[in-house]
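**Student:** Supplied in structure tokens, the structure appears directly below.
Throughout, read-outs are computed from the coordinates displayed, never taken from laboratory work. As the structure is a prediction and not an experimental result, all values here were calculated from the model. Cβ placement follows ideal geometry from the backbone for every residue including glycine, while neighbour counts extend to all protein chains displayed.
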Amino acid sequence: MRCRFCGDIRRRSIVPDKETVARARQDAREGKAPSTQAGEFVREEIEHIREGKHGARSTKQAIAIGLSKARRAGVKLAAPKAGSTSARTRKQAKRDTERGRAASPAAPSSTRSLATSRVLKKEGRSAASHTALAKQAKSAARKRSRAARSEQAKRAARTRRASQASTGGSK
């Protein structure tokens, strides 16, 4: 579809790539957690920022966009609990989940889609830098207790072993 003002071809960045959806489905088949499946969409979003498709105000925003895409794609990712985020964020997450469970996805508003794209294009690209991602990961880990971090590591190891057993030891 061409822009009626400048004649450029419009690209919708709202729909996730086919490869991303395929990788997330593969994770689901392997019995991995919904957060791991959603990680594929977050990874895609980080790649988009690095490629220069658009920017993000912060690493947190890039992650939020990826999680929203995951919910809309049908990943069974629960909305955040009360107290951890604002009511508005929880409401939007719930809306995204419902949209992901709908039989037929509603077409996005082209006006809103274009407005979102224009705003994101103006944002910086440093949110996807290795330093910014490391900083975000460290601050997120710091919020968890030592026991919670340990439990998560054990759970990941169990999944890894189960995955290696089912594939015969190879990736």
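**Student:** With θ taken as phi - 60° and the coefficients 6.51, -1.76 and 1.60, list the Karplus ³J(HN,Hα) couplings across the range 18-33 in order, rounded to whole Hz; mark glycine and proline as x.
**Tutor:** Couplings: 4, 5, 5, 4, 4, 5, 5, 5, 4, 4, 5, 5, 7, x, 7, 5 Hz.
**Student:** While we're here: Using the basic label-point model (7 angstrom from Cα toward the beta carbon), what is the residue 162 to residue 22 distance in nanometres?
**Tutor:** According to this spin-label approximation, the distance is 2.5 nm.
**Student:** Using 0.36 nm per residue, how much length does the chain from residue 92 to residue 106 gain when fully extended, once their Cα-Cα distance is taken away?
**Tutor:** Difference between extended and current length: 3.5 nm.
**Student:** When only alpha-carbon atoms count, how far does the chain stretch along each of its three principal axes, as whole angstroms with the largest first?
**Tutor:** The Cα atoms of the chain stretch 55, 33, 32 Å along their principal axes.
**Student:** Relative to the present Cα-Cα distance, how much length would full extension add between residue 152 and residue 139 at 0.36 nm per residue of separation?
**Tutor:** Extra length available between residue 152 and residue 139 comes to 3.1 nm.
**Student:** Would you kindly state how much longer the chain becomes between residue 123 and residue 78 on full extension, computed as 0.36 nm times their sequence separation minus their alpha carbon distance, in nm to one decimal?
**Tutor:** 13.4 nm
**Student:** Between 0 and 90 degrees, rounded to the nearest ten: what's the tilt of helix 146-167 against the longest Cα principal axis of the chain?
**Tutor:** Roughly 90 degrees between the two axes.
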